[in-house]
Amino acid sequence: MTDVAMVEMRGVAKTFGALQVLRDIDLTVQTSEVVCLIGPSGSGKSTLLRCINFLEPYDAGEVRIEGRLIGYTETSPRRPMPHHALQKMRRAIGMVFQHFNLWPHMTALENVAEALVRVRGFSRTDATGRARAMLARVGLAEKEKSYPARLSGGQQQRVAIARSLAMEPRLMLFDEPTSALDPELVGEVLQVMRDLAAEGMTMIVVTHEMGFAASVADRIAFLDHGRIVASGSPRAVLHESEEPRVRQFLQTYHERNSF
């Protein structure tokens with residue numbers, strides 16, 4: 001029996017009014033695989049990511065998580081999935097955004113623990129213990145009593161990652177997690193993500209960090225105008241692609257990042 005993919009997208013399309021943002025997206029991600037989504041701004045990367053956990057409803061096609069259709073019933077015609085069923089599926093999916101979305105009136109420890117109490121029904125004691133372990137996992141054990149305003153951007157993003165990890169996801173989605181950070185703080189967040197990849201976490205990462213994609217990704221997908229126009233190993237996409245749009249994008253990237 002063949003193992004079921006962690007994520008399988010088939011023919012996924014999404015429009016906003018007259019603008020078609022995603023066009024016939026096919027993407028399969030296996031358990032423990034790291035896939036990076038790259039491409040120009042406005043190419044549909046973040047929308048694709050949000051369709052995976054149905055934060056953005058897709059208009060056509062299918063998104064399956066571990067074989068189960070997310071967002072819709074299996075009936076024909078399909079109907080929206082009941083909210084409680086959708087929430088249950090989302091528990092397997094962690095998501096980290098560009099902005100940290102931490103509660104400013106809570107300490108780092110409380111930020112991580114709160115969802116465990118509210119969503120998972122943990123006791124406050126058990127939630128605090130799990131939260132403390134997750135902060136240690138991202139290198140912030142000594143910051144548990146600090147409020148977000150007293151943390152650097154990189155530390156806040158690591159708290160956000162710890163908050164997602166505390167829910168024990170089987171899939172992690174990262175939407176440009178370093179784009180809001182000062183350059184000197186990017187490395188500490190990327191290192192946490194490298195550690196997660198090494199531990200076997202399944203990850204889909206929207207990123208402009210080509211060095212990270214080259215060294216950590218099992219596969220890179222390049223999007224342009226809502227389509228995946230190239231997909232393959234980091235070497236195949238970043239160094240050997242004959243696709244003109246990929247070559248143009250990478251040339252522009254290198255010009256902007258050369259000193």
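Quick notes
- Fewest-first ranking of T178, T128, T47, using other Cβ atoms within 10 Å as the exposure measure: T128, T47, T178
- Residue with peak Gaussian network fluctuation, the chain [Cα springs, cutoff 10 Å], from T125, T15, T107: T125
- Candidate cross-link partners of K14 among the lysines, defined by an alpha-carbon separation under 24 Å and a same-chain spacing of 8 or more, comprise K45, K88.
- Using a Gaussian network model of the chain in which every pair of alpha carbons under 10 angstrom is joined by a spring, one finds that among R163, R130, R150 the greatest mean-square fluctuation is at R150.
- Rg/Rh for region 61-123, where both radii come from Cα atoms and Rh is the Kirkwood radius: 1.10
- GNM on the chain, alpha-carbon springs under 10 angstrom: the most fluctuating residue among A166, A13, A85 is A85.
- Rg over Rh, two decimals, region 96-168 (C-alpha only, Kirkwood Rh): 0.92
- Shape class for the chain: oblate, because the ratio a/c of the largest to smallest gyration tensor axis (alpha-carbon atoms, square roots of eigenvalues) is 1.5 or more and b/c is at least a/b.
- GluC sites (Glu not before Pro) lying in DSSP loop within region 171-258, provided at most 16 other Cβ fall within 10 Å: E199, E240, E242
- With an a/c value of 1.5 or above and a/b larger than b/c for the gyration tensor axes a ≥ b ≥ c computed over the alpha-carbon atoms, region 145-231 is described as prolate.
Read-outs: derived from the displayed coordinates by stated rules, not from any lab. Here the structure is a predicted model, which means the values were calculated and not measured. Please note: Cβ atoms are built from the backbone with ideal geometry, for glycine as well, and neighbour counts cover all protein chains shown.
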